1. Run down 259, 265 and say which single residue is closer than 18 Å to residue 205 by Cβ, surrounded by fewer than 18 Cβ atoms within 10 Å (Cβ to Cβ) and assigned by TED's automatic domain parsing to the domain that holds residue 200.
2. Of all residues in the range 568-606, which are part of a loop (DSSP other than H, G, I, E, B) and under 21 Å from residue 423 (Cα atoms)?
3. Suppose we keep only residues that are out of contact with any strand residue (DSSP E or B) (no Cβ under 9 Å at 6 or more places or on another chain) and not in a helix (DSSP H, G or I) within the range 479-493. Which one would you say is farthest from residue 524 (Cα to Cα)?
4. Cβ-Cβ under 9 Å, sequence separation 6+ or interchain: first residue in the range 47-69 and without any contact (Cβ under 8 Å) to a residue 60 or more places away in the chain, partner buried (at least 16 other Cβ atoms within 10 Å of the Cβ) and part of a strand (DSSP E or B). Which pairs?
5. Which of the residues belonging to the range 121-163 are in contact with a helix residue (DSSP H, G or I) (Cβ under 6 Å, 6 or more places away or on another chain) and in a loop (DSSP other than H, G, I, E, B)?
6. Collect the residues in the range 464-476 that are in contact (Cβ under 8 Å) with a residue 60 or more places away in the chain and more than 30 Å from the chain's Cα centre (by Cα), keeping them in residue-number order.
């Protein structure tokens, strides 16, 4: 790992202190390396990217007069200084100590005071080494309960309550604009413990739940996890019936591993076992970073030792270097989770209400078409039906069917972009080899046919293409095109048989806006990027009278030409859902088209139809 990479993990090595590198008696190390009382911990509750830190068994670091608190203190300091990763919470998975003796508990409790002083959200739970392993959560008093019971968390910003016995707790942290609930469950739940956990979930019916406990799953050498006997009880009595539980985390066993189980609701539950106590130096207080990214619908997981990362590489021994960061499929991986879909069973996100046309008709609107006024989904767009231009300017659309194509080549649909004004679209089933499909064409007397846009324009459309778009039959299918050759407008550059203007999709599903401007003899082209398929996209072409820029989902793309491009040359009908070459339509569009709006000026992003 490069020095810069190490610094990015460390984020402030100067805070570590001389005690971090020492391998000394437990008490001395704890005093020397105790985390700072000052902190940069201030998570952003609305950032779609946030980090949950998971710490498994630290028991060998707190083993009577054997061990070293410095690795744990470094990991806690990582949480305290967690701004770069937007660390929102720390979950310890139990077996804090080797014997659960009062002296061991007191020393690790001292380390955790740094989180208490700085009001950092965290949870702990008792493992079999922290308490009498033959008992459940009704065991009564213990050194663990005295140090880590409910009284410890009264100042916590995330603590919400404990079971009456004090061995189970739950926490709520806020991240990505919503609440997340962490259940921290004892090594063994009693019937009362199960009832308590179920009641907590019932009291938070719309909150996703991360279940943490000491034992639930174990893994084989390949990293495939399976439920233990007790884990099966947890599954049968708690997890399977509660769809809110989407992730479980446990320690106890090694090696680490994971599995995906399907709950009663038919949804995935990610089951993870992580534990490094068997590694050199008791695992060096290794932590798991669960980096949630709701914009990408992923959780990126990595495994590091902040203590080893903090040290000068010249001071690391051979075994240290093997433990700095763990990779491989069980220690560094990505979970793909469509969070909206996964949580839809208990916290559905209703689609935004449709917006009336009057809210979309901003000053300068030349044409506006929307497709929420048709019959049932799947019904053909009928020949002779006229789709009105809601701007009132008379740029109405009528169907044209290519030879040999069926009525079903153009149908009504209830599919729509979540940010589109109208809750409806048209489904185009066109293609080539041979060319087929149906499209819409502006009526012959439409004012738009003769518009030259010399003072600027904004053309917007909502578009979706199916998952099989790249099968070789749909390259350069047109979304919006002017039925006019460049040559008809007096242009001789590039290929004069190309249309005067066309918004199309390449074979790689990249938007392309190619236009013969008034002031150029050739084509001016804006290029987008390759789009993921089977999802809706908003595209906008914005010309300010001099330059044209393409925007996708309100984001300006890279490849916009710097050469001035004024207006659009030529006259002719506009085609929605077709591409023409040499004034001949050679293929229909393949996919869905929603609202389309044309404005006679350059719009700012906040004026787009995107909600």
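The values are calculated or read from the model by the stated rules, or taken from the named source; none is laboratory data. Keep in mind that what you see is a predicted model, and the values were worked out from it rather than measured. Quick reminder, even Gly has a Cβ in these numbers, built from the backbone with ideal geometry, and neighbours come from all protein chains shown.
1. Values: 259 fails: closer than 18 Å to residue 205 by Cβ.
Result: 265 is the single residue among 259, 265 that is closer than 18 Å to residue 205 by Cβ, surrounded by fewer than 18 Cβ atoms within 10 Å (Cβ to Cβ) and assigned by TED's automatic domain parsing to the domain that holds residue 200.
2. Result: 577, 589.
3. Narrowing the range 479-493 to residues out of contact with any strand residue (DSSP E or B) (no Cβ under 9 Å at 6 or more places or on another chain): 487-490, 492-493.
Now restrict to residues that are not in a helix (DSSP H, G or I): 490, 492-493.
Values: 490: 15, 492: 13, 493: 11 Å.
Looking at the filtered set, the residue picked out is 490.
4. 69/62
5. 124, 126, 129, 130, 131, 137, 163
6. 473, 476
Each row is one residue, and each column tells you yes or no for (1) outside the structural domain of residue 581 (by TED's automatic domain parsing); (2) surrounded by fewer than 18 Cβ atoms within 10 Å (Cβ to Cβ); (3) more than 25 Å from residue 603 (Cα to Cα); (4) under 39 Å from the mean Cα position of the chain (by Cα).
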| residue | (1), (2), (3), (4) |
| --- | --- |
| 418 | no, yes, no, yes |
| 422 | no, no, no, yes |
| 434 | no, yes, yes, no |
| 442 | no, no, no, no |
| 448 | no, no, no, no |
| 454 | no, yes, no, no |
| 462 | no, no, no, yes |
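Listed here are the residues, each with its yes/no results for (1) in a loop (DSSP other than H, G, I, E, B); (2) surrounded by fewer than 23 Cβ atoms within 10 Å (Cβ to Cβ).
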| residue | (1), (2) |
| --- | --- |
| 508 | yes, yes |
| 514 | no, yes |
| 520 | yes, yes |
| 527 | no, yes |
| 533 | yes, yes |
| 537 | no, yes |
| 540 | no, no |
| 549 | no, yes |
| 566 | yes, yes |
